[in-house]
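Okay, so here's the structure we're looking at.
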Amino acid sequence: MKKIKIFLILPICALLSCSDDDGQIGNYDLGASVILNTSTLSTLDENHTMEFSIFTADDVTVSGVQVSKGETTVDATISGNNATFNSSLLGTLNGEEQLEDGIDFMTVTSLSNGLPYSKEFNVKIEKALSLEKELDVITYNSSVQDTLGFKASTQSAVIDNISLEWKKGKEGTYASTTPLGRPLNIDGEEIYFVNFTDTSYGYNLAVKDTLYYRFIATSGGLTDTLETHIPIVSQTFESSNSVVLSSDVSKSKLSLDTATLYSDLNEEDGEIKFNGPSGFEKEGDTDIDFVKVGDLSGESEYYNTVDKLFAEKDLLIAKRLYDAGTKETGFTTTAKGDLFVYKITRTVTEEGADDKEVTEYGMIKIGDILTTNGGTTQTDLSIEYGEAEIK
């Protein structure tokens with residue numbers, strides 16, 4: 001066995017050593033130490049060889065190591081500087097308590113110097129399955145790829161296969177699925193979602209639904225499961241801007257792109273402008289038009305009022321309403337609470353790259369309309385709006 005040299009500086013040092021747990025002096029120096037090399041097991045490693053390393057002083061030998069959990073005790077097999085036992089002693093590994101606290105057990109080591117040597121150990125238990133790349137949401141009908149990645153890992157257990165099940169919402173019933181069109185790789189895999197709609201992937205899921213996935217790893221008669229859930233969300237504009245268009249010529253034009261107001265004399269930067277007596281219209285050659293939103297009572301509960309629709313910021317709904325509506329370039333009168341959807345195309349110039357056309361959809365919600373009479377009559381039109389590109 002490995003030998004360690006023990007040098008005594010003061011006689012008392014031969015009697016005392018530091019505790020493994022808290023660094024306090026309190027145990028006799030036994031001239032030997034047993035260290036657990038296998039500190040972590042997966043939930044499937046119920047037949048794994050656990051290993052200790054044994055260190056002794058020159059004049060000390062180890063004749064036996066007993067390992068105990070509860071009322072069960074086994075003799076570890078000693079070979080050279082190592083001692084081993086089978087993890088089956090630890091019992092089932094796949095339970096909430098085991099995953100949270102690990103599993104405690106104890107060793108009693110027989111030393112040639114006759115001193116008693118017992119030591120407590122804890123082995124950490126981890127799930128064989130884990131998410132390597134988490135996915136917070138799946139974006140509906142987006143060409144931008146969303147990716148969910150999982151991996152499987154054990155100490156020695158052989159994973160026979162990994163299956164996958166899905167369900168709609170928490171109250172749904174799980175059913176088998178093969179989103180890649182083939183069995184999953186037992187070491188791990190990435191699952192891609194692109195152009196996800198209610199007709200794709202065979203799930204019939206729409207915006208506001210939640211996709212539940214359950215991965216199942218099988219090793220002999222043992223299984224480990226991993227569940228994750230992913231909400232289906234629409235494409236939206238992230239935030240809205242609040243501005244006031246005015247009949248006052250010093251602030252009658254607006255760039256929707258930058259939320260900046262301009263005077264009537266500016267013929268370059270404005271995209272829409274005030275249109276009396278209480279409306280707005282496109283400015284100059286801006287490639288924009290609008291559709292006034294009508295009755296929403298036939299929409300789902302999430303979009304059946306102007307306030308709900310605007311709060312959701314749903315670009316796909318905005319596009320659908322725009323496509324189905326009558327396009328206008330402006331309106332002379334509006335009222336508080338009116339909602340308009342619009343489509344705008346801009347030419348984007350980037351240094352070192354060709355110009356490109358970018359189309360965005362948005363919503364304009366009418367707020368307070370205030371008319372004052374001083375030397376001249378002035379009308380201020382409060383609007384809240386937002387827009388984004390559909391990808």
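Some observations on this one:
- Residue count, the stretch 97-130 (criterion: of a type in the set (A, V, I, L, M) and open to solvent by 50 Å² or more (accessible area, probe 1.4 Å)): 4
- Checking LEU296 against (1) surrounded by fewer than 18 Cβ atoms within 10 Å (Cβ to Cβ); (2) in contact with a strand residue (DSSP E or B) (Cβ under 8 Å, 6 or more places away or on another chain); (3) in contact (Cβ under 8 Å) with a residue 12 or more places away in the chain, the condition it does not meet: (2)
- Here the strands (runs of 3 or more DSSP E) wholly within the stretch 77-132 that include at least 2 residues being without any contact (Cβ under 8 Å) to a residue 24 or more places away in the chain are 77-79, 117-126.
- Single unsatisfied condition, GLY337 versus (1) touching a strand residue (DSSP E or B) at 6+ places or on another chain (Cβ under 7 Å); (2) in a loop (DSSP other than H, G, I, E, B); (3) within 24 Å of SER142 (Cβ to Cβ): (3)
- Of residues in the stretch 372-388 being acidic (Asp, Glu) and touching a Phe, Trp or Tyr at 6+ places or on another chain (Cβ under 8 Å), the one surrounded by the fewest Cβ atoms within 10 Å (Cβ to Cβ): GLU384
- Qualifying residues in the stretch 133-182 (those that are aromatic (Phe, Trp, Tyr) and not in a strand (DSSP E or B)) - the one surrounded by the most Cβ atoms within 10 Å (Cβ to Cβ): TYR140
- Among the conditions (1) surrounded by 15 or more Cβ atoms within 10 Å (Cβ to Cβ); (2) not in a loop (DSSP other than H, G, I, E, B), GLY270 misses just one, which is (2).
- Among residues of the stretch 57-81 being of a type in the set (S, T, N, Q) and open to solvent by 50 Å² or more (accessible area, probe 1.4 Å), the one that is farthest from SER118 (Cα to Cα) is SER79.
- Scanning the stretch 354-391 for residues that are part of a strand (DSSP E or B) and among the acidic types (Asp, Glu) yields GLU357, GLU360, ASP368, ASP380, GLU384, GLU387.
- Conditions (1) within 18 Å of LEU254 (Cα to Cα); (2) open to solvent by 40 Å² or more (accessible area, probe 1.4 Å); (3) assigned to a loop (DSSP other than H, G, I, E, B): number failed by GLU351: (1)
- Qualifying residues in the stretch 220-248 (those that are within 18 Å of the chain's Cα centre (by Cα) and part of a strand (DSSP E or B)) - the one farthest from LEU44 (Cα to Cα): VAL233
- Out of ASN241, ASN195, one residue alone is farther than 21 Å from TYR303 by Cα and either surrounded by fewer than 16 Cβ atoms within 10 Å (Cβ to Cβ) or touching a Phe, Trp or Tyr at 6+ places or on another chain (Cβ under 9 Å) (or both). It is ASN195.
The values are calculated or read from the model by the stated rules, or taken from the named source; none is laboratory data. Not measured: the values here are computed from a predicted model. Don't worry about glycine lacking a Cβ; one is built from the backbone with ideal geometry, like all the others, and counts go over all protein chains shown. For accessibility, only protein heavy atoms count, side chains too; no ligands or nucleic acids. Shrake-Rupley method; radii C 1.70, N 1.55, O 1.52, S 1.80 Å.
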